[in-house]
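Encoded as structure tokens, the structure appears first; notes follow it.
Nothing in this text is a laboratory measurement; each read-out follows from the coordinates by a stated rule. Computed from a predicted structure; not experimentally measured. Cβ placement follows ideal geometry from the backbone for every residue including glycine, while neighbour counts extend to all protein chains displayed.
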């Protein structure tokens, strides 16, 4: 069964792997390993993803509620690595892993490493952090997991990820799942995949919130965030198309709200200035005050181009 799931995953993310030199490391939600008939529900899961230039941070807060008698359950955190090379990739690229139960740091785990070669294409490695957790009867148990992952850039991009499908192992549906994604000005988010059905909110400059209630994810469900360094992105816009003779900066005139909803205000300002500098216009001050201006960027920049 596990092999079939892994083969399915290959088809789902082979494009992302190609774009990142076949190397991906993504971290987990909490998975039950020994009790399919548990009375414990995941009431909420709050995922914070903070993306920096060289690495990203994950912090996840869980609220569990045991509807029945006390249960001691074996749980695991399956950190995954997808690579074409047989190296110690997980140990080198995921760091500062910590987990807490009701605020108490857990210091001991059983660690199990698995490896599977998918039809000669690439190697999937899993590093399980495993422990037993006591869930008292008729009460809440709170868990927090934190870790960091190094960004692996190739062909100008990198992939940030999080496994939330392992939340399927708990009783019934996840009551509420909230994802916060925050990024620095020097990181451009190209796309965010697999949370299309979540409600989206522009939370703050460079911070976005996705929410959904009563979700029963599939085991293979992951969040994928494609990122680029801002400097690399701007450099690519100066490429002159051999047929039109125009730089890709011209494409900024045809950008939609969906294209820019993950940009910071400073990034929009910089890109507008890049466009006009390329066109030999002087535009030193642009009044970009809030998200309302950002979301009507297409019309405004089209008007400015006719000044």
So what does log10 I(q)/I(0) come out to for the stretch 105-232 at q = 0.11, 0.14, 0.21 Å⁻¹, using the Debye formula with one equal point on every Cα and no solvent?
-0.55, -0.89, -1.45
How much length is gained if the chain between residue 234 and residue 96 is pulled fully straight, taking 0.36 nm per residue apart and subtracting their Cα-Cα distance, in nm to one decimal?
46.4 nm
So if I take the centroid of the Cα atoms in the stretch 144-171 and the same for the stretch 193-219, what is the distance between those two points in Å?
15 Å
With a ≥ b ≥ c taken as the square roots of the eigenvalues of the C-alpha gyration tensor of the stretch 174-233, please select rounded if a/c is under 1.5 and otherwise prolate if a/b is larger than b/c or oblate if it is not?
oblate
Can you give the extra length, in nm with one decimal, that the chain gains between residue 36 and residue 201 once fully stretched, where that is 0.36 nm per residue apart less the Cα-Cα distance?
55.9 nm
Counting other beta carbons within 10 Å of each Cβ, put 202, 263, 170 in order, fewest first.
202, 263, 170
Please work out the FRET efficiency for the pair residue 218 and residue 134, using the Cβ-Cβ distance as r and a Förster radius of 25 Å; give the result to the nearest 0.05.
0.30
On a full-extension model of 0.36 nm per residue, what is the gain between residue 115 and residue 173, subtracting their alpha-carbon distance, rounded to one decimal in nm?
17.9 nm
